[in-house]
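The values are calculated or read from the model by the stated rules, or taken from the named source; none is laboratory data. Source: prediction; values computed, not measured. Cβ placement follows ideal geometry from the backbone for every residue including glycine, while neighbour counts extend to all protein chains displayed. Quick note on the areas: whole protein, heavy atoms, side chains included, nothing else; ligands and nucleic acids left out. Shrake-Rupley method; radii C 1.70, N 1.55, O 1.52, S 1.80 Å.
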Amino acid sequence: MKTIEHISNPDEIRVFVADQVEAERKIYASPEPSHPDTKKENGGPLVFPSHIMTGAAGHFSEILSDCMEPPQHFFFVAYLTALGSVVSSLVTLRSELRPQPRLYLVILGESADDRKSTVISKTVNFFQSALTDFKVCFGVGSAEGLQRRFSKDSNILLVYDELKAFVGKTKVDGSVLLPCVCTLFEWNRYESNTKDREVLLTDARLSMLAASTIETYERCWDAAFQDIGMTNRLFIVPGQGKRLHAIPGQVPGNEWIIMKNDLGKILRAASMTPELDVTPGALALYESWYLNLEQSIHTKRLDTYALRFMILLTINAGKNEVDEAIIKDVIDLMNWQLQARRLHDPIDADSAIAKTEEKVRRILTTGSRSDRDLKRAVHYNRIGTWAFSNAIRNLTKCGEICFDKTVKVWKLK
């Protein structure tokens, strides 16, 4: 079978790539995840594309999730976030954009049950034990405080056990922490000068790893965050843990050694290949997805994250170029993120009833739900009977939803 490696003529390469793209266009031009594991199962919650959890991050997440209760993909993305902070100045794509693999990642789950804080602490502790120069900041109260922290280190992972703590600090009168953090998502420089103070950051590489309950994430923002684009700078990772171990076991000592060696191999390889090439076939696949991506508020900066995850998944897999397999994983991950954003995007409705209506719409877009499951999904015990009943009545009256008496489920019309 002829492969692209056996072709030297540029015209033949273009024809070969075009044929390959056409064969996969229907799959990878779609905003829905293409891998079977990423489909929504029986109308349930969105499922993470588990087939992408390979390489060093995949091994780390598998080992930790085997003896602990958080979802495996929580450990996987937390590992990639910490890794991105470490290699942000070491490796990029061969592009004029020169993307840095820094992430602003928020783990979403229910309070206590999903063990979000456990994921963050175990991942951060692992990187701190493996690397002497891994720099972490466990919260800042102002842009001036962040400036003081960057005066010591240029690469910093900003960690928040509760994202709401960060949101609260940005709402302080006169604070420029929000525009500062937003600017540092794309740039390594921020400057703000007033008569009384000066904030000047240069060569500042900021990553963020935070946790939040779904309810808090959807409610804690105000118009200022939407206007400046903070929410679309965040990569959200929802998931649900399961009670498996009354007393979690221990990771075998030899596994910690193996995982540290794997991390060392990644860093050595990244330093030897500072610019990653994208193969022609991979580029064609990505262009097909990119050019067919819908234009909406939920897709803003999705392409930015695609470039960053290209770098992370490539070095995590021990490869020295972005190939088609990496691009397929990136596309599946970005399509999953698009669905997650649609489901958990901050709600702007003004009243309790309107907010509940919007929440019901979003939940039912993932599939039909029984009355009991729908109530649990919208946190019926928090919003109250009155708000829920009125929201259901309004949506039913307007013909947006209906109750299927045959199978006893609510669904969109």
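Over all other residues within a Cβ to Cβ distance under 10 Å of Leu177, the charged ones net out to +1, with Lys and Arg as +1 and Asp and Glu as -1. Packing-based ranking of 172-182, 249-259, 359-369 yields 359-369, 172-182, 249-259, ordered from highest to lowest mean Cβ neighbour count within 10 Å. Could you tell me which of Leu285, Tyr190, Ser175 has its Cα farthest along the dipole of the chain towards the positive end, charges placed at Cβ (Lys, Arg +1; Asp, Glu -1), taken about the Cα centre? Checking the options against the dipole of the chain, the answer is Ser175. Measuring r between the beta carbons of Lys408 and Val172 and using R0 = 45 Å, the FRET efficiency lands at 0.35.
Full extension of the chain between Leu97 and Ala354 gives 88.4 nm of extra length, using 0.36 nm per residue less the Cα-Cα distance. Close amide H contacts of Phe235 (hydrogens built in the peptide plane, cut-off under 5 Å, sequence separation of 5 or more or a different chain): Tyr104, Leu105, Val106.
For the chain, what does -39500 (n - 2.57) per DSSP helix run (n ≥ 4), summed and divided by total residues, give at 222 nm, in deg cm²/dmol to the nearest 500?
The per-residue figure over the chain is -15500 deg cm²/dmol.
Modelled this way, with points 7 Å down the Cα-to-C-beta line, the labels at Gln240 and Thr132 are 4.7 nm from one another.
Applying 1/(1 + (r/R0)^6) with R0 = 35 Å to the Cβ-Cβ distance of Arg393 and Ser296 gives a FRET efficiency near 0.75. In a DSSP loop and with at most 12 other Cβ atoms within 10 Å, the trypsin sites (Lys or Arg not before Pro) in region 226-313 are Lys242, Arg243.
Applying the Karplus relation 6.51 cos²θ - 1.76 cosθ + 1.60 with θ = phi - 60° to region 48-58 yields 3J(HN,Hα) values of 5, x, 5, 5, 7, 7, 10, x, 5, 5, x Hz, where x marks Gly and Pro. Backbone geometry of region 390-397 corresponds, through the Karplus equation with coefficients 6.51, -1.76 and 1.60 at θ = phi - 60°, to 3J(HN,Hα) couplings of 5, 5, 5, 5, 4, 5, 5, 5 Hz, x marking Gly and Pro. Between amide H atoms placed 1.01 Å from N, distances below 5 Å from Val378 occur with no residue 5 or more places distant or on a separate chain.
With all protein chains kept in place, the per residue accessible area of the chain amounts to 47 square angstrom at a probe of 1.4 angstrom. Once the chain from Ser50 to Asn381 is taken as fully extended at 0.36 nm per residue, the excess over their C-alpha distance is 115.9 nm.
Each of the peptides 375-384, 76-85, 273-282, 203-212 was scored by the mean count of other Cβ atoms within 10 Å over its residues; in descending order, highest first, they stand as 76-85, 203-212, 273-282, 375-384.
Could you let me know the centre-to-centre spacing of region 66-145 and region 367-413, using Cα atoms, in angstrom? Here the two parts' Cα centres lie 37 Å apart.
For region 110-215, the square roots of the Cα gyration tensor eigenvalues, ordered a ≥ b ≥ c, give a/c of at least 1.5 with a/b no greater than b/c, which places it in the oblate category. Peptides 192-202, 132-142 ranked from most to least packed by the mean count of surrounding Cβ atoms within 10 Å: 132-142, 192-202. 3J(HN,Hα) couplings calculated from phi for region 191-196 with the Karplus curve 6.51 cos²θ - 1.76 cosθ + 1.60 (θ = phi - 60°) are, in sequence order, 9, 8, 10, 10, 5, 9 Hz; Gly and Pro show x.
The accessible surface of the chain, taken with every protein chain in place and a 1.4 Å probe, is 50 percent carbon and sulfur. For the chain, dividing the convex hull volume of the Cα atoms by the residue count gives 173 Å³ per residue.
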